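What follows draws every value from the coordinates through simple rules; no lab data is involved. Every value quoted in this text rests on a predicted model; they were computed, and no experiment measured them. Positions of Cβ are backbone-derived with ideal geometry, glycine not excepted, and every protein chain shown enters the neighbour counts.
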Amino acid sequence: MTRPDLAPILQNVLDAVIVMGRDGTVQDWNAGAHRIFGWRREEAINGRMSSLIIPFQHRAAHERGLQHYLATGEGPVLGRRIEITAVTRDGREIPVELSIIAVGEGDEEVFLGFIRDISERKAAEAALAAEKAALEVEVVRREAVERHQALLLAEMNHRVKNMLAVVTGLAMQTGLNSPSVEAFMHSFSGRLASMSRSYGLVTEANWSRTELRRLVEDQLAAHLDPAEGRIDISGDPIALSPRQALSISMVLHELATNAVKHGALAEPAGRIEVAWRRLPGEPAQLELEWRETGAASPAEAVSSKPGFGSKMIGAVVRHDLKGELTREWNPSGLSCRIVAPLPEDTS
Amino acid sequence: MVPTLFSDDRGRGRAPSSSIPGVTDDVDPRPLNVMIVEDEVFVALHLEAMVESLGHTVAIIASNGQAALDAVAEAEPDLILLDVNLGDGLSGVDVAERLEGRGVRIVFVTAYADAENRARMTAAAPACRILSKPVETHSLRRALDDVDGAVH
């Protein structure tokens, strides 16, 4: 059996096989080299290796390395597989895997270079690395979202418990001050509905500042159609903190409920004026006045024991709003004045 | 005399009533003087009604941490029912830290009764009790009884 000659095989392998002499010129150049670098065999032979495929910036180093090997026999890149870049005939710089061996001795010594175009592999690796990086970013993002969701859930849990505590307190206080189950149900559901509306407004304002005018309009609209023209609302633009907004809504609800039961809104000709302004100072204060006119029997209101609603107004103003409340039952109806500190940035 | 939410006569104590559901008439013969620190008015009023129904006296209700600290010397409470999240300013935990060594028993009343917050409360007041909102009468009674036994 005849041993096959490697030379024609090397001509046809897929990789580039290049033979370089000790003088740095190309002595042989296979079809693979033509395919990868674009130079035909007859163009490459006798050309300087460095000019054909070595990127410009690496050419001097290549020549120095060759001279160093010839002088010392030391060739650090020989017999190893390395990844570098090479340049093609049309000027593209491509990643290649290169291994070089020295064959022969003395002047007959040549260098055999085996070169594989690894552009596709590198592109795939880069794509994979980009995908990995994107996935890592996504993992970090999702972890942050999950942490945020866990925080929100915990906060919601706290707020729900707080709200249940408030509702429990409201139910107890309303119950202790209601003469009958029917009266309790009427007062309690009215207060819950009022709280629900004011929470709606505060949430609409993203739990930031809520305009006082909106609270007043909203609470009064629940008791009287604004189109009837019996309510006069006026005041400076004043933005309230969520806590103040909820407390003032509660006060307005109680005042309106009392007006419907015993005050101006119990009479067809009765009217309510709600006016407010900012009092300058450190801190600035809110002055809100509620004036009823046309009430049928203000004297009766004066003589009767204040109901729970009235007591609640006082408690909310003092406790929640840290403010002062003055009430007068004039012959024309109830007048009520609230002065309470405003948050710093309400202008 | 310290002002109150509904009237100006707090501090006299008043006859215990059993109008709170779950509260019987076997009230404690040795009433505690209780301070309530709570920024939600209805929760404060509810606690006040429960405390008084259990036969104790509410000395004062404070709506924020600084007001509570300011009032402690005058009110001389045996015990403080202390909310943790008091809105702006000092938290209940801050208040407890500042009262350490003053001999006032602390019962935290909070919606923030998870492990992390419990650890903060216990660090601020090692002998504290912690009640989760909404508070049930029997839990409050047990907490007050424990303190009552320790105080009297």
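Tabulated results
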| item | result |
| --- | --- |
| Burial order of peptide ranges A:113-122, B:77-86, A:258-267, A:163-172 (average beta-carbon count within 10 Å, highest first) | B:77-86, A:258-267, A:163-172, A:113-122 |
| Surface/4 of the Cα convex hull for segment A:84-124, nm² | 3.6 nm² |
| Difference of contour (0.36 nm per residue) and Cα-Cα distance, A:E217 to A:E324 | 36.3 nm |
| FRET efficiency for A:E105 and A:E43, using Cβ-Cβ distance with R0 set to 30 Å, rounded to 0.05 | 0.50 |
| Relative packing of B:41-48, B:99-106, which averages over residues the other C-beta atoms within 10 Å, highest first | B:41-48, B:99-106 |
| Isotropic mean projected area of the C-alpha convex hull, segment B:88-132 (nm²) | 3.1 nm² |
| Proximal lysine pairs, chain A, alpha carbons under 28 Å, eight or more residues apart or interchain | 8 |
| Formal net charge of residues neighbouring A:V77 (Cβ-Cβ distance under 14 Å; K, R +1; D, E -1) | -1 |
| Efficiency of FRET between A:V145 and A:T203 - r from beta-carbon atoms, R0 30 angstrom, step 0.05 | 0.85 |
| Three-way shape label, segment B:76-152, alpha-carbon gyration tensor, a/c 1.5 | oblate |
| Helical contribution to [θ] at 222 nm, DSSP H n ≥ 4, -39,500 (n - 2.57), averaged over the protein assembly as shown, rounded to 500 | -14000 deg cm²/dmol |
| Inter-part distance where segment B:56-83 and segment A:57-79 are each reduced to a Cα centre, Å | 88 Å |
| Number of partner chain Cβ atoms within 10 Å, mean per residue of A:168-177 | 6 |
| Taking only Cα atoms of chain A, radius of gyration then Dmax in Å | 45.1, 132 |
| GNM flexibility winner over chain A from A:V274, A:V77, A:V160 (Cα, springs under 10 Å) | A:V77 |
| Cβ charges +1 (Lys, Arg) and -1 (Asp, Glu), total dipole of segment A:3-110, debye | 320 debye |
| P(r) of segment A:145-226 over all Cα-Cα pairs, binned every 10 Å from zero, in whole percent | 15, 33, 34, 15, 3, 0 |
| Overall Cα dimensions of segment B:49-117, principal axis frame, Å, largest first | 33, 24, 22 |
| Under the span-like rule (Cα at least 30 Å along the axis, Kyte-Doolittle mean at least 0.0), DSSP H helices of chain A | A:119-176, A:181-204 |
| Segment A:161-288: C-alpha gyration tensor shape, a/c 1.5 cut-off, then a/b vs b/c | oblate |
